[in-house]
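Peer 1: Quick one: this structure, given as structure tokens, is what I'll be asking you about.
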Amino acid sequence: MAEIQQTQPDLSTIPANADQKTAEGATTEAAPPPTPDKPANLPGHRLYEDAIALILGTLIVSLGITFYTQAVLITGSTAGAALLIHHATGLGFGIVFFALNLPFYWLAFKRMGWEFTLKTFIAVGLVSAFSRLTPLWISVDMLHPLYAALIGGGLMGVGLLMLFRHRAGLGGINILALYLQEHHGIRAGYFQLGIDASIMVCALFLLPFDKVLLSLAGATVLNLIIAINHRPGRYFGVR
């Protein structure tokens, strides 16, 4: 049987810092890629917290819509499209707003989940009802159009922000905007700003030019509130 000879490696040919380099290399390869600074195990909103947010958020949005209606202004997104149809046909805003949102619920269910879809459906129904009831609850004798544009846009922006942070929206363009932000990193506020600009162009055929300019200022306020405060990674109010 042939003798098996065991040979020792020539240690003189191995660099003295080989172990250090290997360790450094292993450390470098094992380093995980950077991840967003997201807290682990975040608790979700409780049912009563979601309910309060839906009611207060839709009440605030409806108050802004009431200011816009009284000052004969136009807003953006699906509500703006509903107001355009209202001015053109005389149909009630609440009915038109509710109907326009119906085609978007399937996208909401497929892309955002049943919980978001259910909350959005409730929020749209509340705005449709509150926008009709709010003028019966308050009466404003004098309302400057510029003030109405700015405060109305601000109110709608704050109300939408409340809904967004509780995984809800107001249907239509809001659903599409939230989907694009969560899946493609497109800011919801900036996307809606582009849509609102298109609605304002259509409004030129129905409203005086000065009213459209004021409406555009209000839409800018609304969307800046959302763009500044509703950034990806800034708020993790999810289940």
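Peer 1: Hey, could you get me the Stokes-Einstein D for region 127-239, Kirkwood radius over alpha-carbon pairs, 25 °C and 0.890 mPa s, rounded to whole µm² s⁻¹?
Peer 2: Diffusion coefficient, whole number: 161 µm²/s.
Peer 1: I would also like to ask the following. Cα centroids of region 102-124 and region 172-224: how far apart, whole angstrom?
Peer 2: Going from one Cα centre to the other spans 20 Å.
Peer 1: Follow-up question, since we're still on this one. Rounded to whole Hz and in sequence order, give me ³J(HN,Hα) for region 70-79 from the Karplus expression 6.51 cos²θ - 1.76 cosθ + 1.60, θ = phi - 60°, writing x for Gly and Pro.
Peer 2: 5, 8, 6, 10, 10, 10, x, 6, 5, 4
Peer 1: While we're here: In whole Hz, with x marking every Gly and Pro, tabulate ³J(HN,Hα) for region 116-122 from phi via Karplus 6.51 cos²θ - 1.76 cosθ + 1.60, θ = phi - 60°.
Peer 2: Here the 3J(HN,Hα) series is 4, 5, 5, 5, 5, 4, 5 Hz.
Peer 1: How large is Rg over Rh for region 75-149, taking Rg from the Cα atoms and Rh as the Kirkwood inverse mean of 1/r across Cα pairs?
Peer 2: 1.05
Peer 1: What are the ³J(HN,Hα) values, in whole Hz, obtained from phi via the Karplus relation 6.51 cos²θ - 1.76 cosθ + 1.60 with θ = phi - 60°, for each residue of region 134-147 in sequence order, with x given for Gly and Pro?
Peer 2: After applying 6.51 cos²θ - 1.76 cosθ + 1.60, I find 4, x, 7, 8, 10, 9, 10, 6, 9, 9, 5, x, 5, 5 Hz.
Any read-out appearing in this document is the output of simple, stated calculations on the displayed coordinates, not a laboratory observation. Quick caveat: nothing in here was measured; it's all calculated off a predicted structure.
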